[in-house]
Each structure stands twice: as C-alpha cells, then as structure tokens.
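Peer 1: Pasting a structure below so you can have a look.
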Amino acid sequence: MVTSKKIYGLVGYPLSHSFSPKYFQKKFQKEKIDDVSYELFLLENINLFPNLFKNNPNLQGVNVTIPYKQTIIPFLDELDESAKKVGAVNVVKKLKNGQLKGYNSDIFGLQQTFDNILTYFPTQKPKALIFGTGGAAKAVEVCLNDYLIDFQYVSRQSTKENCCQYENLTNNILENHLLWINTTPVGMYPHNNQCLPIVYDVISPQHFLLDLIYNPEETLFLLEGKKKNANIQNGLQMLHAQAEKSWEIWQSNC
Ligand SMILES: NC(=O)c1ccc[n+]([C@@H]2O[C@H](COP(=O)([O-])OP(=O)(O)OC[C@H]3O[C@@H](n4cnc5c(N)ncnc54)[C@H](OP(=O)(O)O)[C@@H]3O)[C@@H](O)[C@H]2O)c1
C-alpha cells in the first residue's frame, strides 16, 4: 500500500540521547496532527545523506544533530540567512521543487535561554566561556554577539583567535568569566560519568553554568556548579524552542 504520510526526522550519530522524537510524537498527539511521523535516521557517515531523501520520497525535512551541523552544508542546495549567519545547519527542508534548504533554529532556541540567564546579572553583563567549537558553539557565539556579551572559546585543539586550550585555562580566567557554557557532548547520555577537565573549585555563587545537554537533566558539569551554589540551566528549554521553530519552518510556504 502506498502511504501519503509525511515524514520528518533527525539525522546524526549517535542518536540514543535525543528527546526530539518524543517531543514531536507528543506534539502530534496533542495537536491531533495524524498524517505525519518523526523518525530517527542514524547516519554513520554524512556522505550517506543524499540517499536519505532519494530513498524516502515522503521525507519532508530533518533536524540535524552531532556531529553533522557543519559537514552537511555542502550537501544542501540553498542556505537561509540564519544558517549563513551561524555557519551551521540544524534544520533541512525539502522545497516544493525538491531542492534542500538549510536553516538554523538553534539561535532561536538560545535567545529564550539567554533572556532568562541575563535576569541573573541585572547590573553588569557577565563575560562568558564557550567550551567546544562545534555547530552549537557557533549558534552560541552569534547569540552572545547579539546580546553584546564578551566571550572566549575553550577548545581541545583549535588555535583560532579568542580561543584558549584547556591546559592553558588559568584560575583567573575561570573566576573572571561568570557564565560558563558547555557546548560539547561531554557528559551526555550514555556517558553520564564524563566531565570537562576544568578546575571546578573556583566556581562561586555568582557563576552561571549553562549546559546545552538535556539528557541527563543534570550533567556532572552542572552538578559541580550546584555544589558551589552557582545557578545552573540545562538545554531543555533550548531543545523545545528550536523544535517549535523547526516545525514552523517545515510548515511555512517559503
Ligand atoms: N539543547 C539543545 O537544543 C541542543 C542544541 C544543539 C546542541 N546541543 C548539544 O550540544 C552538544 C554539541 O552539539 P554540536 O552539534 O555542536 O556538536 P559538534 O558540532 O560535534 O561539536 C561539539 C564540540 O565539542 C567539542 N568536543 C567534542 N568531543 C569532546 C571531548 N571528548 N572533550 C572535549 N570537547 C569535545 C569539540 O570542540 P573542540 O574540538 O574545539 O574541543 C566539538 O567541536 C551536544 O551534546 C548536543 O546534544 C543541544
């Protein structure tokens, strides 16, 4: 039997941590959207991406997660301004002419999160440390620039400007940057016992630790902050906001 069900989904590797399928299934049920499904597409290699749309004619769009938000770009026909601005794609839409267009909805998800975080810094904007230099980090960078927040990257290997390697991270830097943002997958399910190599003893109650991971709810990174009475937030608010924006993109006429 030929099915006309529209398919959406998530592309990445691994995918066992993701709450996106659950989020969309609940949304479809709640809003009585019954002609669609949301599926997982585990791709071991991004070169397999073009076959995904060829083999699944009902596939209308996908979300993109680790580690493909940047490497997917050469496989797309067009990029929206949001994706150009960030340099990473987390939403792909099949256009009416069959071409694939990339968007970035992570920045929309992050805006709500930063609106919340800044209420904890009413008198002076904090300086931020971004741990990791991948696709999500780029969206964080765009938002921090929009909010006029000074930041520095921390990376295992990148030598780009404004980037410090973990071994060169001094206590002084850690103390003076009150907003720490984990954009790495370190500590994500099923590797809940992993933690970034940082001196956590310097955390004060004035610090705010944001982890983009939402599974587990509290990573070791966040628990270190909690132990020192810092404010903490996980990535669930961002996940929900970027998922809603993804749906809006897929349903729009353009
Ligand atoms: N809540 C949400 O809605 C949401 C949205 C987007 C992403 N996320 C989460 O954010 C995380 C990153 O996603 P992404 O798409 O940006 O991934 P990505 O493009 O693969 O980038 C991850 C970055 O983390 C660093 N990294 C990777 N493995 C590491 C390790 N073992 N130790 C230290 N650093 C490591 C790397 O930076 P260096 O090489 O420079 O060290 C890498 O560029 C994932 O956990 C993802 O689930 C959440």
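Laboratory data are not the source of any read-out in this text; all were calculated from the coordinates shown. Please read these numbers as outputs of a predicted model, since none were measured by experiment. We place every Cβ from the backbone using ideal geometry, glycine too, and count neighbours over all the protein chains shown.
Peer 1: Can you give me the long-range amide H partners of LEU59? Hydrogens built in the peptide plane at 1.01 Å from N, cutoff under 5 Å, separation of 5 or more residues or another chain.
Peer 2: Placed amide hydrogens put ILE7 under 5 Å from LEU59.
Peer 1: Now, a different point. So for the chain, taking the charge dipole from beta-carbon charges (+1 Lys/Arg, -1 Asp/Glu), which of ASN253, LEU223, THR133 sits furthest toward the positive end?
Peer 2: ASN253
Peer 1: Once each part is reduced to its C-alpha centroid, what is the distance from the stretch 138-156 to the stretch 188-235 in angstrom?
Peer 2: Going from one Cα centre to the other spans 18 Å.
Peer 1: Tally the DSSP beta bridges in the stretch 6-104 and give the antiparallel ones as a percent, rounded to 5.
Peer 2: About 35 percent, rounded to the nearest 5.
Peer 1: Just how large is the dipole of the stretch 107-237 about the Cα centre, in debye to the nearest 20, putting +1 at every Lys and Arg Cβ and -1 at every Asp and Glu Cβ? Provide the component values of the computation, followed by the final result.
Peer 2: Values: 8 positive and 12 negative charges, 10 e Å.
Value, rounded to 20: 40 debye.
Peer 1: Let me ask another. Would you mind checking the tilt of helix 106-118 against the longest principal axis of the Cα atoms of the chain, expressed as 0 to 90 degrees and rounded to 10?
Peer 2: Between the helix axis and the principal axis of the chain, the angle is about 30 degrees.
Peer 1: May I ask for the Rg/Rh ratio of the stretch 107-237, computed from Cα atoms with Rh as the Kirkwood radius, given to two decimals? Could the numbers behind the result be given before it?
Peer 2: Details: Rg = 13.4 Å, Rh = 14.6 Å.
A ratio of 0.92.
Peer 1: Diagonalise the Cα gyration tensor of the chain and give the resulting equivalent ellipsoid semi-axes, square root of 5 times each eigenvalue, largest first, whole Å.
Peer 2: Ellipsoid semi-axes (Å, largest first): 34, 18, 17.
Peer 1: Report the per residue volume, in Å³, of the convex hull enclosing the C-alpha atoms of the stretch 6-104.
Peer 2: About 101 Å³ per residue, rounded to a whole number.
Peer 1: Need one number: nm distance between label points at LEU95 and LEU48, each 7 Å from Cα along Cα→Cβ, rounded to one decimal.
Peer 2: For the pair LEU95/LEU48, the computed spacing is 2.8 nm.
Peer 1: If you don't mind, there's one more thing I want to ask. What Rg and what Dmax come out for the stretch 194-254 when only alpha-carbon atoms are used, in angstroms?
Peer 2: When restricted to the Cα atoms of the stretch 194-254, Rg and Dmax are 15.6, 51 Å.
Peer 1: Still on this model: Applying the Karplus parametrisation 6.51 cos²θ - 1.76 cosθ + 1.60 with θ = phi - 60° to the phi angles of the stretch 158-169, what ³J(HN,Hα) value in whole Hz is obtained for each residue in order, glycine and proline being reported as x?
Peer 2: 4, 10, 5, 4, 6, 10, 10, 8, 3, 5, 9, 7
Peer 1: By how many degrees, 0 to 90 and rounded to 10, does the Cα axis of helix 236-251 deviate from the longest principal axis of the chain?
Peer 2: The angle comes out at about 30 degrees.
Peer 1: Quick one: 3J(HN,Hα) in Hz for the stretch 20-28, Karplus 6.51/-1.76/1.60 with θ = phi - 60°, rounded, Gly and Pro as x.
Peer 2: Per-residue couplings from phi come out as 4, x, 4, 4, 6, 4, 4, 4, 4 Hz.
Peer 1: Something else: In the stretch 91-235, what % of DSSP beta bridges are antiparallel (nearest 5)?
Peer 2: If I count the DSSP bridges inside the stretch 91-235, around 20 percent turn out antiparallel.
Peer 1: May I pose another question? Among rounded, prolate and oblate, which fits the stretch 1-45 when a ≥ b ≥ c are the square roots of the eigenvalues of its C-alpha gyration tensor, a/c under 1.5 means rounded, and a/b larger than b/c means prolate?
Peer 2: Judged from the Cα gyration tensor, the stretch 1-45 comes out oblate (a/c at least 1.5, b/c at or above a/b).
Peer 1: If you don't mind, there's one more thing I want to ask. Go through the stretch 121-137 residue by residue and turn each phi into a ³J(HN,Hα) via Karplus (6.51, -1.76, 1.60, θ = phi - 60°); whole Hz please, and just put x for glycine and proline.
Peer 2: After applying 6.51 cos²θ - 1.76 cosθ + 1.60, I find 10, x, 9, 9, 5, x, 8, 10, 10, 9, 8, x, 10, x, x, 5, 4 Hz.
Peer 1: Tally the DSSP beta bridges in the chain and give the antiparallel ones as a percent, rounded to 5. The partial results should precede the final answer.
Peer 2: On the way: 7 of 39 bridges.
So the antiparallel bridges in the chain amount to around 20 percent.
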